[in-house]
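The values are calculated or read from the model by the stated rules, or taken from the named source; none is laboratory data. All values derive from a computational prediction rather than experimental measurement. No Cβ is skipped: glycine too gets one built from the backbone with ideal geometry, and neighbour counts run over all protein chains shown. When the accessible area is computed, the model is the full protein with side chains, heavy atoms only, and any ligands, DNA or RNA have been set aside. Shrake-Rupley method; radii C 1.70, N 1.55, O 1.52, S 1.80 Å.
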Amino acid sequence: MTTHPVSPPVPGAPSHLEALGRHFGDLRDGTHGDAVSRQSKERLFHEAVTLLDPYARRVLREFDHEMLRDTGNVEATGVGRTPDGGLAALWTLSWPEQRETDIQPITLMAHYGRGFHHPHLRGATVADWPLNVFTEEQAAAEVPTLRAIASADLHNLVFQRDYRIVPAIVDDRPGQDGRPGPSSRKEA
């Protein structure tokens, strides 16, 4: 099958529309980038995870600093096999209040399910977004998507428990730099 490049819907289209164009072009052409076989698509998935890694970590560190007051722990799994034979890589941000309430951490996940045509991004509580990243520039352009996934994940985790899992909201006393300071919450 011949791969036809997908043009952005309009000249100078935003990066998220270019990503959707790549996604839809893959569906049209039966490819993922230039790959047709599962093995080649898995190779591209590994490359995409490597390209996304610094951006996923950066987004989670932003959340840790601004919302969790640097109490969180960012971890990355690297690519591994899933129980269904697919592939997945996770970047997670956990913090004390989240662990105490036994809910999932904020999660950015790249996954390529066994029966999938190509990979996707998702969160712990947020469904799929196409993952068609083949260059450093395309990986950097995913930062707004990663931020949106992390934002929706944190919102949904608060909804599962309550706002008290977010240190920046509970702790509103200003510190020396004008930002909220250490928690004034007393244990019962």
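Remark: pairs (first residue in the range 120-145, more than 25 Å from GLN160 (Cβ to Cβ); second residue acidic (Asp, Glu) and in a helix (DSSP H, G or I); Cβ separation under 7 Å; 6+ apart in sequence or on different chains) = ASN132/ASP26. The selection criterion, being in contact with a strand residue (DSSP E or B) (Cβ under 9 Å, 6 or more places away or on another chain) and crowded, with 17+ Cβ neighbours inside 10 Å, holds for ALA150. Mind checking whether some residue in the range 18-40 is under 14 Å from the mean Cα position of the chain (by Cα), modelled with pLDDT of 85 or more and either open to solvent by 20 Å² or more (accessible area, probe 1.4 Å) or not charged (D, E, K, R) (or both)? Within the range 18-40 (the criterion being under 14 Å from the mean Cα position of the chain (by Cα), modelled with pLDDT of 85 or more and either open to solvent by 20 Å² or more (accessible area, probe 1.4 Å) or not charged (D, E, K, R) (or both)), the answer is no, since none of the residues qualifies.
Taking the criterion of being surrounded by 18 or more Cβ atoms within 10 Å (Cβ to Cβ) and within 17 Å of ARG81 (Cβ to Cβ), the residues of the range 41-62 that qualify are LYS41, LEU44, PHE45, ALA48, VAL49.
Exactly one residue out of HIS117, HIS65 is assigned to a helix (DSSP H, G or I) and open to solvent by 40 Å² or more (accessible area, probe 1.4 Å): that is HIS65.
Filtering the range 94-112 to residues that are open to solvent by 10 Å² or more (accessible area, probe 1.4 Å) and of a type in the set (Gly, Ala, Ser) leaves only SER94. For GLU75, the conditions (1) out of contact with any helix residue (DSSP H, G or I) (no Cβ under 6 Å at 6 or more places or on another chain); (2) acidic (Asp, Glu); (3) surrounded by 16 or more Cβ atoms within 10 Å (Cβ to Cβ) are fulfilled apart from (3). Scanning the range 68-76 turns up no residue that is at pLDDT below 95 and assigned to a loop (DSSP other than H, G, I, E, B).
Return the residues of the range 125-147 that are under 18 Å from VAL79 (Cβ atoms) and either within 9 Å of the chain's Cα centre (by Cα) or open to solvent by less than 10 Å² (accessible area, probe 1.4 Å) (or both); say none if nothing qualifies. Once the filter is applied, which keeps residues that are under 18 Å from VAL79 (Cβ atoms) and either within 9 Å of the chain's Cα centre (by Cα) or open to solvent by less than 10 Å² (accessible area, probe 1.4 Å) (or both), the range 125-147 yields LEU131, ASN132, VAL133, ALA139, GLU142, LEU146.
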